[in-house]
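The block underneath contains the structure these notes are about, expressed in structure tokens.
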């Protein structure tokens, strides 16, 4: 009786596993290789994706830092609207969307250095407006501390860092910069 029960259980598990394999192989047939909408730039051992749209039109370029684990295409609506009056650039951090993994932990200092290297590689004119959403506020804060001369202004949306603290930081580092803040949730 025990052998019969064990045999049936093993057979059922085998069928479930085979089912997952068949479904997985079937789904791979429908995977579409989508080319990046921007360009890939070497930033020292790996490549990051940067998608710039629009013309400067005398305005500073807007460099957009996305929220946590959010690929750049999610912010397509921003790119479409802001690129009408500004050059608008959004990128994918290492290991996200079209960007290659960097091999280093995704911590704020590494993200700051990679963004700086990307903007140099892409020849983005400084100073620029640094804009970001959510967790990007922490990365923006680090970038502003390290490269205050690169940033003409900041715009942030729904950040975990309080508006007052980041605004005070930006204004303390560069008092002539315009500080743009969004309302809290």
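When residue 116 is tested against the conditions (1) under 14 Å from the mean Cα position of the chain (by Cα); (2) surrounded by fewer than 16 Cβ atoms within 10 Å (Cβ to Cβ); (3) more than 24 Å from residue 38 (Cα to Cα), the lone failure is (3). In the condition set (1) surrounded by 21 or more Cβ atoms within 10 Å (Cβ to Cβ); (2) at pLDDT 95 or above; (3) over 18 Å from residue 83 (Cα atoms), residue 159 is compliant with all but (2).
Test residue 106 against the stated conditions and say whether it is part of a loop (DSSP other than H, G, I, E, B) and crowded, with 21+ Cβ neighbours inside 10 Å. Here the answer is no, as residue 106 does not meet what is asked. Within the stretch 68-93, the set of residues being in a loop (DSSP other than H, G, I, E, B), buried (at least 20 other Cβ atoms within 10 Å of the Cβ) and within 12 Å of the chain's Cα centre (by Cα) comprises just one member, 93.
The values are calculated or read from the model by the stated rules, or taken from the named source; none is laboratory data. This one's a predicted model, so the numbers in the text were calculated from it and none came from an experiment. In this analysis, Cβ positions are derived from the backbone assuming ideal geometry, glycine residues included, and neighbour counts consider all displayed protein chains.
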